[in-house]
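Notes for the one structure printed next.
The values are calculated or read from the model by the stated rules, or taken from the named source; none is laboratory data. Quick caveat, the model's predicted, so the values are computed rather than measured. Cβ: placed from backbone, ideal geometry, glycine included. Neighbour counts: every protein chain shown.
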Amino acid sequence: MKRSVWVIVALILLGVGTAAYFQLNHKAEPLPVAQHAIVPQPPTPPPPTPPPLAAPLQPAAEPAIVHPLVSVPTATPLPALERSDAAIVNALLGVLGKQWKAILLPEALIHNIVATVDNLPRPYLPAKIVPLARVPGAFITSGEGEELAIGAPNGERYAAHIRLIEAVDGARLVAVYRQFYPLFQRAYVELGYPTGYFNDRLIEAIDDLLAAPTPDQPIRLVQPKVLYRLADAQLESRSAGQRIMIRMGSENAARLKEKLREIRQQVALSGGASRP
């Protein structure tokens with residue numbers, strides 16, 4: 001849980017024959033009239049009706065974009081995705097402040113932000129893709145056995161970081177996101193979603209975080225092996241992002257949800273826009 005709050009910050013940073021028929025008419029040889037009555041030849045049967053042609057298969061329609069995002073034109077062209085680290089870091093630090101320099105892990109930053117966002121609503125979030133430094137300090141617990149729980153002081157570890165997040169100018173941050181959005185979208189396609197739209201996935205991830213429950217305190221834990229797990233099976237079955245929200249404490253989660261709502265309002269549009 002050392003990266004918990006920064007996982008959420010990473011979320012905020014921003015990420016389809018023709019067949020030929022031949023008729024053969026056989027003409028009978030005439031027979032003598034005196035000997036045989038003239039027997040007319042039966043009419044030649046019509047050719048078989050060809051089966052109807054199957055309708056051509058139509059390519060599957062690409063999914064509509066639910067939350068279209070208008071990119072911001074830039075004075076200079078965006079760098080290639082694989083060479084974008086310096087540009088995106090400089091742009092983010094200009095909004096977030098220099099104190100974030102020690103927090104952001106610049107290598108493959110856009111790729112890692114996109115992968116983090118994509119995994120937050122899933123059961124597991126691989127630590128190696130999170131593009132932010134670890135939160136200092138150890139995860140604090142209290143009690144033991146059936147009384148093992150998240151320690152009350154644990155939320156204090158995140159207080160300073162929550163204040164940093166609350167101080168971020170959401171409008172300026174979203175402006176950076178819009179400016180670099182073509183690179184976020186490219187990274188999302190490379191992640192394995194050729195018809196996906198990253199901003200839609202971002203909104204899904206934010207909505208999943210906002211849906212995180214506020215469980216009663218204290219939050220019981222179990223430790224079957226090395227790592228702690230939530231004792232309540234229903235809470236433990238929640239998404240990786242929701243479990244993070246639960247573990248950081250109700251007060252921190254409530255403040256963080258306010259910031260997430262602010263960001264969501266600026267990047268979420270309903271229109272069902274078609275893909276260009």
Of all helices (runs of 4 or more DSSP H) fully inside segment 171-246, the set with 1 or more residues that are within 14 Å of the chain's Cα centre (by Cα) and of a type outside the set (Gly, Ala, Ser) is 181-190, 198-210
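Of all the residues that make up segment 135-148, how many are under 22 Å from Lys101 (Cα atoms) and surrounded by 14 or more Cβ atoms within 10 Å (Cβ to Cβ)?
Number satisfying all stated conditions: 1.
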Please verify whether His67 is in a helix (DSSP H, G or I) and surrounded by 11 or more Cβ atoms within 10 Å (Cβ to Cβ), treating the condition exactly as stated.
no
Note on segment 149-205: residues more than 16 Å from Trp100 (Cβ to Cβ), modelled with pLDDT under 95, hydrophobic (A, V, I, L, M, F, W, C) and surrounded by fewer than 18 Cβ atoms within 10 Å (Cβ to Cβ) are Ala152, Ala159, Ala171, Ala175
Given the conditions (1) crowded, with 20+ Cβ neighbours inside 10 Å; (2) part of a helix (DSSP H, G or I); (3) touching a Lys or Arg at 6+ places or on another chain (Cβ under 8 Å), every one holds for Asn252 apart from (3)
Identify the residue in segment 70-96 that is outside any helix (DSSP H, G or I), of a type outside the set (Ser, Thr, Tyr) and at pLDDT 90 or above and, among all such residues, is farthest from Asp207 (Cα to Cα).
Pro77
